[in-house]
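Visitor: Sharing a structure with you now.
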Amino acid sequence: MKVTACPLDCYDACAVVVDPNSLKMTGLESHPFTRGALCAHLNRHYKEAERIQKPRIDGREVTMEEALKAAAKAIEGAGEDFLLYRGSGNVGFMQAVTEHFAAACGGWTTEGSLCDGSGQAGVEAGRGTSLALPPEAIEQADAIVVWGRNVTVTNPHMARLLKEKTLIVIDPVKTKIAKEADLFLQVRPRSDFYLAVLLARFMFMEDMEDKAFMDERCEDPEWYYDFLRTFRIKISLAKCDIELDDLGDLLYQMQNKKTVFLVGTGVQKYSIGDQVLQAIDGLAAVLGFFGKPGCGVSFLSDSLAGFRIPFNFSKKRCAKPVAPFGRFKTVLVQGANPLAQMPGLAKVEEEMRKVENLIYFGLYENETSEKAKIVIPAKDFLEKEDIRLSYGHPYVQPMPKIKDAEFGISEYEFTKYLFETLGLEGLKEERYYIQYMLDQCISEGEILKSPAYSEFPYAEEFDTDSGNYEFLEEFEDDFDDEEEGLWLLTPKSPHSLNSQFRRENFVMLHPTHGFSDGERVRIYSEYGEVTLPVKVSDDMRSDCVLIYVGTPGVNYLTPPMKSLMGKSACYQEVKVKVERI
Ligand SMILES: Nc1nc2c(c(=O)[nH]1)N[C@H]1C(S)=C(S)[C@@H](COP(=O)(O)OP(=O)(O)OC[C@H]3O[C@@H](n4cnc5c(=O)[nH]c(N)nc54)[C@H](O)[C@@H]3O)O[C@H]1N2
Ligand SMILES: Nc1nc2c(c(=O)[nH]1)N[C@H]1C(S)=C(S)[C@@H](COP(=O)(O)OP(=O)(O)OC[C@H]3O[C@@H](n4cnc5c(=O)[nH]c(N)nc54)[C@H](O)[C@@H]3O)O[C@H]1N2
Ligand code: SF4
Ligand SMILES: [Mo]
């Protein structure tokens, strides 16, 4: 039996036991977070997914040697006009080795994120770093607030830690976890900033704030109280579409309870995502909920926090959500599907058409492989060496090679080929990079922890310049949230991992709109449109339209823009309309 980790982009980062003969996979029982069972993505979807086996150039099958040669030529000929665009199809650390190449050859790369970048910027503004809250700390909570994170679908192993605790869910959709909650606030989308500010203010009014923590550990708490009071209660309640009684219920459920906030990407798919996270962290700071057992805010953490990184990264970077592909002669897309997953898809397609050499390096066919000039099949996670860090917990898992590949090339092998063919220097052995990371981990028997591991993060101090928690100082927002139309929600689907595996293909609408199941409708925004069959559901608010991430065409609706901070995508900063066709 060999132990590796699931490579998929998921909070849980399960440790996986693989039988090298049958390749049967099971979860590692002793893993501190996941404790066993794997989900259907790895056990079923991954296994049934059809891989690209043959390299291609202009649609014609070629040998790997020919494809690599063509790729090297296209990159060399591009000089400065080369862009490396990486996604999160596999989140193993060694995916980043191609960055080392982009830096060495003087090409461009991306910065920012399609995912959690705006939220992370807000967390870092307040705490200095974004550290993972370990399961050990979550376990000791009395109450859990699940805030814009669909734990049942995206973070399934969290269920164990929610048992027998007061459960509060804040989401515009009545998700499965919302149905099980002691209190569910079905808030209006994009209102979480107001909710966090209102709650913090009421904590002061009800004398529930932690005065000692604020005096000792926070910068300017008096000033923050004044800031909170600049938001009128009535207006803020209306923004969230909740009643004063709902706030009272929430306060009552949290009273005298150690509370953990599990915050997901749902609250921050907006230009103001950083301010939302800083306001939620601010609420936790007012309550003194940092650095103590059973307390804290768990957002998608920075898995590289505390590590020294052995790769160079190019200094030439463009913002990922608005990558200007058209400016580049050669674009290498690795582990990604930008022609489905990026916001403002019409613009992305237009830009991509101008690229002379689009190289796709991945496992599966998708919208991007279809348009690529050169297609290079990758090896999968069982066929190469790697190491898995996690944004959901602070544990690290080596990923040894378990079987020989029959086709494809690894990221390291591809990088080595490019270094050699282009006559570049500075690439070390593969083992060196993995060992370099492993050597920095804290090891406890079989278990490896990130060097930034802390049982109760920020117990001594925050990682800001002052060493204290820094509250948000001003609120800036120029989106007109009263604009006519319905909110677009694009959460993660239970059957796909972003655009991998079984992608959904429908729009979910509330019955008040009068559509029926299976009827095809046109959904449009100022950026584009998509036609989809309807599924009627009263689990969502009537002012929302829900289209799962990965649904073909969903991103024609989303805006080609980046967040105010963190250079992140703002998928839900848009109103849409629906009409019969
Ligand atoms: N099955 C599955 N699991 C996945 C993935 C997948 O594609 N499929 N993707 C992985 C990746 S890349 C990521 S980043 C994570 C993300 O996982 P999550 O953080 O769970 O993100 P989402 O599912 O996008 O949204 C979470 C919840 O936010 C709610 N929401 C939407 N808008 C708002 C809002 O304005 N306010 C509030 N309070 N809630 C809102 C949605 O209804 C949804 O229930 O999941 C990972 N896990
Ligand atoms: N509307 C809307 N769109 C969204 C989101 C949203 O909330 N709303 N969420 C966004 C988020 S959070 C994310 S993280 C992005 C994800 O979007 P992308 O980063 O583009 O990821 P995927 O769609 O999963 O594409 C992954 C591809 O990686 C390839 N791959 C898998 N394993 C390997 C490997 O080992 N090596 C190589 N070379 N390739 C591999 C597969 O071929 C697969 O097709 O989508 C974003 N898109
Ligand atoms: S829960 Fe997440 S990490 Fe675990 S097997 Fe499923 S996709 Fe992989
Ligand atoms: Mo993501």
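Visitor: Could you tally the net charge around Ile581, taking each other residue with its Cβ under 13 Å from the Cβ of Ile581, Lys/Arg +1 and Asp/Glu -1?
Guide: Once all neighbours under 13 Å are counted, the net charge is +1.
Visitor: To continue, here is another question. Residue farthest toward the positive end of the dipole of the chain, with Cβ of Lys/Arg at +1 and Asp/Glu at -1: which of Thr259, Gly106, Ala159?
Guide: Gly106
Visitor: Let me ask something else. Any idea what the dipole of region 486-581 comes to, in debye rounded to 20, about its Cα centre with Lys/Arg Cβ at +1 and Asp/Glu Cβ at -1?
Guide: Here the size comes out at about 300 debye.
Visitor: Could you please report the charge total around Pro156, scoring K, R as +1 and D, E as -1 over all other residues with beta-carbon less than 15 angstrom from its beta-carbon?
Guide: Counting the neighbours of Pro156, the net charge comes to +4.
Visitor: Here's something else I'd like to know. Per-residue counts of other Cβ atoms within 10 Å, averaged by peptide: what ranking do you get for 265-271, 43-49, highest first? Present the calculation step by step, with values, prior to reporting the outcome.
Guide: Working: 265-271: 28.4, 43-49: 14.7.
For the peptides 265-271, 43-49, the packing ranking is 265-271, 43-49.
Visitor: Treating cross-link reach as a plain straight distance, find the lysines whose alpha-carbon is under 24 Å from the alpha-carbon of Lys428, omitting any fewer than eight places away in the same chain.
Guide: Output for Lys428: Lys69, Lys73, Lys315, Lys316, Lys379, Lys384, Lys401, Lys403, Lys416.
Visitor: Shifting gears a bit: For the peptides 191-204, 165-178, what is the packing order when you average, over each peptide's residues, the other Cβ atoms within 10 Å and list the highest mean first?
Guide: The packing order, highest mean first, is 191-204, 165-178.
Visitor: So, one more: Could you give the size of the charge dipole of region 358-412 about its Cα centre, using +1 on the Cβ of each K and R and -1 on the Cβ of each D and E, expressed in debye and rounded to the nearest 20?
Guide: That gives region 358-412 a dipole magnitude of about 140 debye.
Visitor: Next question, about the same structure. With point charges of +1 on the Cβ of Lys and Arg and -1 on the Cβ of Asp and Glu, referenced to the Cα centre of region 533-574, which listed residue (Ser568, Val545, Tyr556) lies farthest in the positive direction of the dipole?
Guide: Ser568
Visitor: Of all DSSP beta bridges in the chain, what percent run antiparallel (nearest 5)?
Guide: 45
Visitor: Another question, then. Going by a ≥ b ≥ c, the root eigenvalues of the Cα gyration tensor, does region 117-299 fall in the rounded group (a/c under 1.5), the prolate group (a/b larger than b/c) or the oblate group? Display every interim value, and only then the final one.
Guide: Values: a/c = 1.30, a/b = 1.14, b/c = 1.14.
It is rounded, given that a/c, with a ≥ b ≥ c, falls under 1.5.
Visitor: Would you pull out the residues with amide H under 5 Å of Val16's amide H, same chain only if 5 or more places away, H placed 1.01 Å from N?
Guide: Answer set, sorted by chain and number: Thr4, Ala5, Cys6, Leu28.
Visitor: Only bridges whose two residues both fall in region 486-580 count here: according to DSSP, what percent of them are antiparallel, nearest 5?
Guide: 75
Visitor: Quote the charge dipole size of region 229-339 about the Cα centre in Debye, to the nearest 20; the model charges only the Cβ of Lys and Arg (+1) and of Asp and Glu (-1).
Guide: Roughly 820 debye for region 229-339.
Visitor: Check cross-link reach from Lys239 to the lysines: straight Cα distance under 21 Å, and skip same-chain residues fewer than eight apart.
Guide: Lys174, Lys269, Lys575, Lys577
Visitor: I need to check one value: relative contact order of region 486-580, counting alpha carbon pairs closer than 8 Å and at least 6 residues apart, in percent.
Guide: 38
Visitor: Still on this model: Would you calculate the separation in nanometres between label points at Glu526 and Tyr225, each defined as 7 Å from the Cα along the Cα-to-beta-carbon direction?
Guide: 4.1
Visitor: At a Cα cut-off below 19 Å, give the aspartates and glutamates reachable from Lys54, other chains included and same-chain residues fewer than 8 away excluded.
Guide: Within reach: Glu65, Glu66, Glu365, Glu367, Glu370, Asp380, Glu383, Asp404, Glu406, Glu411, Glu413.
Visitor: Sort the following peptides by mean Cβ neighbour count (other Cβ atoms within 10 Å, averaged over residues), highest first: 20-29, 387-396.
Guide: Per-residue Cβ counts within 10 Å, averaged per peptide and sorted highest first, yield 387-396, 20-29.
Every read-out reported here was derived from the displayed coordinates using simple, explicitly stated rules and does not represent laboratory data. Source: prediction; values computed, not measured. Neighbour counts run over all protein chains shown; Cβ positions are idealised from the backbone, glycine included.
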